[in-house]
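The values are calculated or read from the model by the stated rules, or taken from the named source; none is laboratory data. Please read these numbers as outputs of a predicted model, since none were measured by experiment. Virtual Cβ from ideal backbone geometry, glycine too; neighbours counted across all protein chains shown. Areas reflect the complete protein model, heavy atoms only, side chains present, ligands, DNA and RNA absent. Shrake-Rupley method; radii C 1.70, N 1.55, O 1.52, S 1.80 Å.
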Amino acid sequence: AAQCDVILLSGGSSVGARDAVQRVVEQLGRLHLHGIAIKPGKPTIFGEVNGKPLIGLPGHPVAVYFIYTLFADPLLRCMLGEATPLPRPGYTARLASAIPSNHGREECVAVRLEQSEDGLVAYPVMSKSGLITQLSHADGYLQIPRDREGYAPGEAVTVTAL
């Protein structure tokens, strides 16, 4: 950590006996938080070691993608001197089917886009966060705010490009 500008860890941040990241961060530095209200990615860790920022990414590949995209990438870009990280391209699309969400946390949902006569249609790519094929079949993702119970079929949503 003394030779690094930032520390990114992957996995080991859940609650099992073998998940030691929280304990190690507390021993070596300062743990700011463990667990955030987002799905996938709840076991994310933020801390510091030797005054260097530390992000403990979840272990599942899809969760890693979203946590890296939402938190680590902006941090790294700011550390490199970019005043404001450039936003990823976004598209407006209508949902092909309902997406329920009642978790009390923000949810990121991968979607596949298809062009129709009426514009873009977003098809949810539903899968477990441990399966990277979810992202390989997607064109982008939408975010469901933490206090919203999902989206109805035909509802207009903003899709962020992967």
Please go through (1) over 19 Å from L131 (Cα atoms); (2) touching a Lys or Arg at 6+ places or on another chain (Cβ under 9 Å); (3) basic (K, R) for K39 and return the number of the only condition it doesn't satisfy.
(1)
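Can you work out which of the residues in region 89-106 that are under 19 Å from I36 (Cβ atoms) and at pLDDT below 95 is most open to solvent (accessible area, probe 1.4 Å)? Full working, then the answer.
Within region 89-106, the subset under 19 Å from I36 (Cβ atoms) is 101-106.
Retained after the next criterion (residues that are at pLDDT below 95): 101-105.
Details: S101: 4, N102: 124, H103: 87, G104: 38, R105: 57 Å².
That would be N102.
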Residue in region 30-52 that is open to solvent by 40 Å² or more (accessible area, probe 1.4 Å) and in a helix (DSSP H, G or I) present
no
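Conditions tested, residue by residue: (1) of a type in the set (A, V, I, L, M, F, W, C); (2) without any contact (Cβ under 8 Å) to a residue 60 or more places away in the chain; (3) in a helix (DSSP H, G or I); (4) surrounded by fewer than 16 Cβ atoms within 10 Å (Cβ to Cβ).
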{"site": "Q3", "(1), (2), (3), (4)": "no, yes, no, yes"}
{"site": "L54", "(1), (2), (3), (4)": "yes, yes, no, no"}
{"site": "V62", "(1), (2), (3), (4)": "yes, no, yes, no"}
{"site": "L75", "(1), (2), (3), (4)": "yes, no, yes, no"}
Just one of (1) part of a strand (DSSP E or B); (2) open to solvent by less than 50 Å² (accessible area, probe 1.4 Å) trips up I67, so point out which.
(1)
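Just to check your reading of the model, which residue among L113, L162 is farther than 15 Å from K39 by Cα and at pLDDT below 95?
Working: L113 fails: at pLDDT below 95.
Being farther than 15 Å from K39 by Cα and at pLDDT below 95 holds for just one of L113, L162, which is L162.
Taking region 5-20 as the search range and keeping residues that are open to solvent by less than 50 Å² (accessible area, probe 1.4 Å) and within 23 Å of L131 (Cα to Cα), which one is modelled with the lowest pLDDT? If you could, list the steps in order and put the result at the bottom.
Initial filter on region 5-20 (open to solvent by less than 50 Å² (accessible area, probe 1.4 Å)): 6-7, 11-13, 16, 19-20.
From what's left, within 23 Å of L131 (Cα to Cα): 11-13, 16, 19.
Values: G11: 86, G12: 81, S13: 78, G16: 68, D19: 76.
Selected residue: G16.
Which residues, taken from region 119-137, are out of contact with any strand residue (DSSP E or B) (no Cβ under 7 Å at 6 or more places or on another chain), outside any helix (DSSP H, G or I) and not hydrophobic (A, V, I, L, M, F, W, C)? Break it down into steps so the answer makes sense when it comes.
So the first thing to find is which residues in region 119-137 are out of contact with any strand residue (DSSP E or B) (no Cβ under 7 Å at 6 or more places or on another chain), and the list is 126-133, 136.
Remaining after also requiring outside any helix (DSSP H, G or I): 126-132.
Hits for region 119-137 are S127, K128, S129, G130.
Of the residues that make up region 11-23, is at least one in contact with a strand residue (DSSP E or B) (Cβ under 6 Å, 6 or more places away or on another chain), in a loop (DSSP other than H, G, I, E, B) and under 25 Å from P145 (Cα atoms)? Give the steps one after another, and end with the answer.
First pass over region 11-23, keeping only residues in contact with a strand residue (DSSP E or B) (Cβ under 6 Å, 6 or more places away or on another chain): 13, 21-22.
Filter again for in a loop (DSSP other than H, G, I, E, B), leaving 13.
Subsequent filtering for residues that are under 25 Å from P145 (Cα atoms) retains 13.
Yes, region 11-23 has at least one match.
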